1. Which length gain, in nm to one decimal place, applies between residue 156 and residue 202 when the Cα-Cα distance is subtracted from 0.36 nm times their residue separation?
2. Grab the Cα-Cα distance for residue 106 and residue 139, subtract it from 0.36 nm times how many residues apart they are, and report the gain in nm with one decimal.
3. Calculated FRET efficiency, residue 32 and residue 183, Cβ-Cβ r, R0 35 Å, to nearest 0.05?
4. Cα-Cα over 30 Å: which of 65/143; 81/139; 40/147; 65/214; 32/147; 139/169?
5. Calculated FRET efficiency, residue 131 and residue 50, Cβ-Cβ r, R0 35 Å, to nearest 0.05?
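Just so it is clear, none of the values below were taken in a lab; they were calculated from the coordinates. Computed from a predicted structure; not experimentally measured. Every residue, glycine among them, receives a Cβ derived from its backbone with ideal geometry; neighbour counts consider all protein chains shown.
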Amino acid sequence: MADTVCETYKNRREWLATACTSTCVGDPEVKKKCIRTCRKFLVLHPELIQISFRILATSSADAKKIYGPLGCLKRWFTRLKWEVRDDGCLITSQNIAVSLLFTCPDEISHNIDLSWSEFVTTQISHRKGMHDLPSLNLKATTKHLKKFDEVDQKIICKYLAGAFAYGDKNLHRGTSDGLCQFCSAPDSLGHKIHVCPAFQDIRDDHLHTLQWIKEN
Ligand SMILES: [Zn+2]
C-alpha cells in the first residue's frame, strides 16, 4: 500500500511526514509532494489507476479508520472540503473540478493553497475577536516573512505550524522535565512569549502586540 504513493524508500519519508504532521494544520507543501509522487507512481503503473481511485473515493476519512497512504490522502482532501470521485476527479472547496492524474501540478497546487487558506482560517475563527477574519493572504504573508533572515524564517514557520513542542507538552509525553532550557522555570508557549527573561530584549520591541495577545 505504501508503494501506491511512494515508489522509493527516499520518498516514503514524505509519506511518513504526511502521516505524522499536525492533525490540526499540517504543511500543504508536504501533501503537494505526496500528490506528485502518487501521480508519478500511477503513470508507471496504469493497471493500478482504477483501484487506487476507487480506494480514494470509498475510504473513510475517520481518523480511527485510516488505512495506508491513500487513506491519509483521502482524509486530507476531506479536511480541505474536497470531494473525491472514483474516476480520479476532485471537486475543490471552490467547486472547481481537477483531475488527480491529468490537471497540471501548478493548477492543483494553486487550488490547494486556496482551500488550505480557508481551512486555516476556519481553525482560528472560533477565537475571540477572530470570527470575521478574511481568508489568509499568502502573498502578503510571504512578503512579510521575507523581511526576516533565513534562520528566523524557519523558526517562525515552525512556530506557526506547531512544530515546536514546549516543556509542558514534552513533560506530558515523558520526554522532558517540563522546564525552560533558558531559565529553568516551568515551560509553555505563554512562558516563551510573555515571561522568559531570555527573550526580554525582543519583547521590548513589541509591547503593543504582546498586550493585544494577552487581551485576546
Ligand atoms: Zn524561560
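1. Answer, rounded to one decimal: 15.2 nm.
2. So the extension gain works out to 10.3 nm.
3. So, using R0 = 35 Å, E works out to roughly 0.35.
4. Where the Cα-Cα span goes over 30 Å, the pairs concerned are 65/143; 40/147; 65/214; 139/169.
5. The formula returns an efficiency of 0.20 here.
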